[in-house]
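Colleague: Encoded as structure tokens, here's the structure I'll be asking about.
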Amino acid sequence: MIVKNILIGNGINIAFSKNDDYKNYNIIERLTKYLCTNRYNDVFQGSITSGELRTVLTELNNFFKTMLKGVTALRLTQDEDELKTLVDIARRYQGKPQDILNVGIEDYFFVMKLVFNKVGDEATPINALYEGIKWLFLDAIFNDGEIEKLYTKMGAFAKELIQYNKIFTVNYDTNLDSLTDKTVYHLHGSFHLLDDTYRVETIIGYLAQKKPNPPTVVAGMEHLYCNAIMGFSGQQKMNTMSVYSNGNMALDNWIFRLKNPIDIEAQRKYEQLKTSTSINDIFAFQSINARLADPELRNTEYPFDKLKMARGELHIIGMSPNNDNHIFRLINENPDISRVVYFSASDDDSYAAQKVIKKPLQLRNVFKYWKSMDI
């Protein structure tokens, strides 16, 4: 019997909502309406107003339009990943609308990075800028919680899920979790799980809460502080997620070595960390001590190991082959995935799937698939 697995993207929410609420255009339009209110006063603690945030979004869009003209933007890229991203964006938007609502959510992260490359300074780290724009887009996606109610319309799809061994998604919502008793692996995080920064049972959260002014969660806006990952490229997302797993491995190694009485080198390095004034060394020293005091403290890892270990067929629904190249790379590198069945929404998607996916590939029409369930 063929083992089947499934990877699901935002297309499922678009299909079942039946009102386009979760298309890129409407998500950003919703955000622009939010920015006409005082919705984010508490979130940003008065450091920036909604009007100023609206101006930031407008200026990012203006920069986006400019960066696609001439070669100026090429000079602002700082590495190969940024250069590839710029070339890919130029290709995707050639001859297409470029207004605020037409630019992809995660493409705004790239615009933010190029602006930072041009005028940024150390006083405002790029990660802080990413965090702020991520909060805005997560809020617009969350749609005052309406996105988490879509499972009530997905009864037909619940029956489909029965046939799959492992269920993966790049969506932050938990509709699939409500449809099945099986574990749903949220590759990019989930609205229902706070980021480690706000969870005292994790290394990062444990240390964060010991600071003089520990980070807090604004009541009613908990979804902003979830462990969702956003980024302008697959590589950038993978780099962010790897921090958590690499941190666990590093701490495991430290504890193992420190408990070995004949490992003099580990003891010496530990003493060096103790007296270091480097921010990274101080954090490493505090992390080691926290783990020594409580062996259960760990970083929350994203479940990419489950995708790496998937066997049999992988069906992909509601996900563009033009996004998240880190996921398609893992699929291609997994020798136990025997075939990919890709549900395509357009000729462009079909062409891209054939170009990106290096496994035996079957293309199916996603609209016919939805119609078979009377959607």
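No value in this document is a laboratory result; all are computed from the given coordinates. The shown structure was predicted, so the numbers you read here are calculated from the model rather than taken from an experiment. Because the Cβ atoms are built from the backbone with ideal geometry, glycine has one as well, and the counts that use them run over all protein chains shown.
Colleague: Report ³J(HN,Hα) in whole Hz for each residue of the range 82-96, in order, from the Karplus equation J = 6.51 cos²θ - 1.76 cosθ + 1.60 where θ = phi - 60°; Gly and Pro get x.
Modeller: Those phi angles translate into 5, 5, 5, 5, 4, 4, 5, 5, 4, 5, 5, 9, 4, x, 10 Hz.
Colleague: So, one more: From the alpha carbon gyration tensor of the range 38-94, can you work out the equivalent ellipsoid semi-axes (sqrt of 5 times each eigenvalue) and give them in Å, largest to smallest? The partial results should precede the final answer.
Modeller: Numbers: eigenvalues 184, 32, 19 Å².
Square roots of five times the eigenvalues give 30, 13, 10 Å.
Colleague: Would you mind pulling out the separation of the Cα centroids of the range 328-353 and the range 138-156, in Å?
Modeller: The distance from the Cα centre of the range 328-353 to that of the range 138-156 comes to 27 Å.
Colleague: With a sphere of radius 12 Å drawn around the Cβ of T174, what net charge do the other residues whose Cβ falls strictly inside it have (Lys, Arg +1; Asp, Glu -1)?
Modeller: Working: positive: K149; negative: E148, D173, D177.
With Lys, Arg at +1 and Asp, Glu at -1, the neighbours total -2.
Colleague: Where does the charge balance sit around Y198 when Lys and Arg score +1, Asp and Glu -1, over other residues with C-beta under 13 Å from its C-beta?
Modeller: -3
Colleague: Take V200, V184 and order them by how many other Cβ atoms sit within 10 Å, fewest up front. Display every interim value, and only then the final one.
Modeller: Details: V200 14, V184 21.
By the 10 Å Cβ count, ascending, the order reads V200, V184.
Colleague: May I pose another question? Under the Kirkwood approximation applied to all pairs of distinct alpha-carbon atoms, what is the hydrodynamic radius of the range 196-293 in Å?
Modeller: Working: mean 1/r = 0.0648 Å⁻¹.
Evaluated over the range 196-293, this radius sits at 15.4 Å.
Colleague: OK, next. When only C-alpha pairs under 8 Å and at least 6 residues apart count, what is the relative contact order of the chain, in percent?
Modeller: On the way: 481 pairs, mean separation 74.8, N = 375.
Reported as a whole number, the value is 20 percent.
Colleague: Here's a follow-up. Test of understanding: ordering T77, T202 by Cβ neighbours within 10 Å, fewest first, what list do you get? Please report the intermediate quantities before stating the final value.
Modeller: Numbers: T77 18, T202 22.
Ordered from fewest to most neighbouring Cβ atoms within 10 Å, T77, T202 come out as T77, T202.
Colleague: Please work out the ratio of the alpha-carbon Rg of the range 234-375 to 2.2 N^0.38 Å and round it to two decimals. Can you show the working numbers first?
Modeller: On the way: Rg = 22.3 Å, N = 142, 2.2 N^0.38 = 14.5 Å.
Its radius of gyration relative to the 2.2 N^0.38 Å reference: 1.54.
Colleague: When the chain is fully extended, how far beyond the present Cα-Cα distance does R364 get from Q94, taking 0.36 nm per residue of separation? Please list the in-between numbers first.
Modeller: Details: separation 270, 0.36 × 270 = 97.20 nm, distance 2.71 nm.
Result: 94.5 nm gained on full extension.
Colleague: What is the ratio of the Cα radius of gyration of the range 24-143 to 2.2 N^0.38 Å, with N the residue count, to two decimals?
Modeller: Details: Rg = 14.5 Å, N = 120, 2.2 N^0.38 = 13.6 Å.
Compared with the compact-globule rule of thumb, the range 24-143 sits at 1.07.
Colleague: Excluding same-chain residues fewer than 8 positions from K308, which aspartates and glutamates have a Cα within less than 17 Å of its Cα?
Modeller: D324, E333, D336
Colleague: Next question. Take A156, project a point 7 Å from its Cα along the Cβ direction, then tell me which residues of the range 1-21 have their backbone nitrogen under 13 Å from it.
Modeller: Label zone hits: 15-18.
Colleague: Through the Karplus equation 6.51 cos²θ - 1.76 cosθ + 1.60, θ set to phi - 60°, convert the phi angles of the range 256-270 into ³J(HN,Hα) values in whole Hz; use x for Gly and Pro.
Modeller: Once θ is set to phi - 60°, the couplings for the range 256-270 become 4, 6, 5, 7, 8, x, 9, 8, 5, 4, 5, 5, 5, 5, 4 Hz.
Colleague: Right, something else. Students often get this wrong, so try it: which of (1) 33.9; (2) 20.1; (3) 21.5 is mean projected area of the Cα convex hull in nm² as calculated from the structure shown?
Modeller: Comparing each candidate, only (3) matches the computed number.
Colleague: Give the percent of DSSP beta bridges with both residues in the chain that are antiparallel, rounded to the nearest 5. All intermediate terms of the calculation are to be shown ahead of the outcome.
Modeller: On the way: 1 of 24 bridges.
DSSP beta bridges in the chain are roughly 5 percent antiparallel.
Colleague: Please compare each pair in K23/K153; K306/K358; K113/K211; K153/K182; K96/K371 to a cut-off of 24 Å on the Cα-Cα distance and tell me which ones are over it.
Modeller: Details: K23/K153 17 Å; K306/K358 20 Å; K113/K211 29 Å; K153/K182 19 Å; K96/K371 29 Å.
With Cα atoms farther than 24 Å apart: K113/K211; K96/K371.
Colleague: Distance between the C-alpha centers of the range 182-256 and the range 32-95? Whole Å please.
Modeller: When both Cα centres are located, 25 Å separates them.
Colleague: For the range 281-293, what does the Karplus curve 6.51 cos²θ - 1.76 cosθ + 1.60, with θ = phi - 60°, yield as ³J(HN,Hα) per residue in whole Hz, taken in order and with x for Gly and Pro?
Modeller: After applying 6.51 cos²θ - 1.76 cosθ + 1.60, I find 5, 4, 5, 4, 5, 5, 5, 4, 5, 5, 5, 4, 6 Hz.
Colleague: Highest GNM mean-square fluctuation, the chain, Cα pairs closer than 10 Å: which of F304, F109, F256?
Modeller: Checking each option, the largest mean-square fluctuation is seen for F256.
Colleague: In which sequence would E29, E80 go, from the one with the fewest C-beta neighbours within 10 Å to the one with the most? Before the final figure, lay out each step's value.
Modeller: Numbers: E29 14, E80 9.
So the ranking, lowest neighbour count to highest, is E80, E29.
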